[in-house]
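Written out below as structure tokens is the structure these notes cover.
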Amino acid sequence: GQNIDQPTEMTATEGAIVQINCTYQTSGFNGLFWYQQHAGEAPTFLSYNVLDGLEEKGRFSSFLSRSKGYSYLLLKELQMKDSASYLCAVRDFNFNKFYFGSGTKLNVKP
Amino acid sequence: DTEVTQTPKHLVMGMTNKKSLKCEQHMGHRAMYWYKQKAKKPPELMFVYSYEKLSINESVPSRFSPECPNSSLLNLHLHALQPEDSALYLCASSPRTNTNTEAFFGQGTRLTVV
């Protein structure tokens, strides 16, 4: 089975840096993915890690430690439009399934 | 074309109705998915099609019936739904089933069962 945990909600200030953590326990692992979802819209892909370490994509970075079952998404230079839910998803060993965490609602304040 | 297109965007149906949700992608992806998402909850996997064959059914009730007519199309046939089936239904696709690639999501169909 899959158990993916994220904080429910976070608040940060425009221009700041925020780190959203994700811990997981899975029966098999083939990559961890981060998605952004605005209310009522589809999830959009941000970043993924399959090996340990940091992946950087512009203002977004994601880190993975497979031995600890831990990942984080780092958002720099926060903008108001970054207010959204951030979903951590694990792709299992079958390669076919993406299991999602409950999501972290990020509120960016002026 | 890097889109997954879902129709309709909104659907209201009665409990005795039969309706279908449609999903289309022209990215050559060979894995396609149906997810159900309730408000303030994460997407929950329903079905996975791999090379046009149903490979995973996550114990979904038979009132939901998926169909994959060809590699670009995925349908979800609905019959005798319950009000608790009201949700956002998301279609997704990914390039192949055996690679570490992300899933691309459509905009979803917001379904209301009355």
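Please determine, by comparing only the residues of the stretch A:66-101 that are of a type in the set (S, T, N, Q) and under 28 Å from B:V48 (Cα atoms), which one is most open to solvent (accessible area, probe 1.4 Å).
Pass one, the stretch A:66-101, residues of a type in the set (S, T, N, Q): A:67, A:71, A:79, A:83, A:85, A:94, A:96.
The next check asks that each one be under 28 Å from B:V48 (Cα atoms); those that pass are A:71, A:85, A:94, A:96.
Numbers: A:S71: 0, A:S85: 36, A:N94: 71, A:N96: 18 Å².
Restricting to residues being of a type in the set (S, T, N, Q) and under 28 Å from B:V48 (Cα atoms), the top hit is A:N94.
Scanning the stretch A:40-84 for residues that are of a type outside the set (K, R) and out of contact with any strand residue (DSSP E or B) (no Cβ under 8 Å at 6 or more places or on another chain) yields A:E41, A:E56, A:G58, A:S67, A:E77. Do we have any residue at all in the stretch A:32-43 that's under 25 Å from B:I56 (Cβ atoms), of a type in the set (A, V, I, L, M) and under 12 Å from the mean Cα position of the chain (by Cα)? Yes, there is a match, as at least one residue in the stretch A:32-43 is under 25 Å from B:I56 (Cβ atoms), of a type in the set (A, V, I, L, M) and under 12 Å from the mean Cα position of the chain (by Cα). Applying a threshold of 6 Å to beta carbon distances and a minimum spacing of six or more residues, or different chains, the list of pairs starting in the stretch A:60-73 at a residue that is free of Cβ contacts under 8 Å to residues at least 60 places away in the same chain and of a type outside the set (D, E) and ending at one that is in a strand (DSSP E or B) and exposed (fewer than 14 other Cβ atoms within 10 Å of the Cβ) reads A:S61/A:L54; A:F63/A:L54; A:G69/A:Q25; A:Y72/A:Q19. I'd like to check something: does the stretch B:28-50 contain any residue that is more than 10 Å from every other protein chain (Cβ to nearest Cβ), in contact with a strand residue (DSSP E or B) (Cβ under 9 Å, 6 or more places away or on another chain), loosely packed, with under 14 Cβ neighbours inside 10 Å and of a type outside the set (K, R)? Within the stretch B:28-50, not a single residue is more than 10 Å from every other protein chain (Cβ to nearest Cβ), in contact with a strand residue (DSSP E or B) (Cβ under 9 Å, 6 or more places away or on another chain), loosely packed, with under 14 Cβ neighbours inside 10 Å and of a type outside the set (K, R).
The values are calculated or read from the model by the stated rules, or taken from the named source; none is laboratory data. Predicted, not measured: the structure shown is a model, and the values here were computed from it. We place every Cβ from the backbone using ideal geometry, glycine too, and count neighbours over all the protein chains shown. Areas reflect the complete protein model, heavy atoms only, side chains present, ligands, DNA and RNA absent. Shrake-Rupley method; radii C 1.70, N 1.55, O 1.52, S 1.80 Å.
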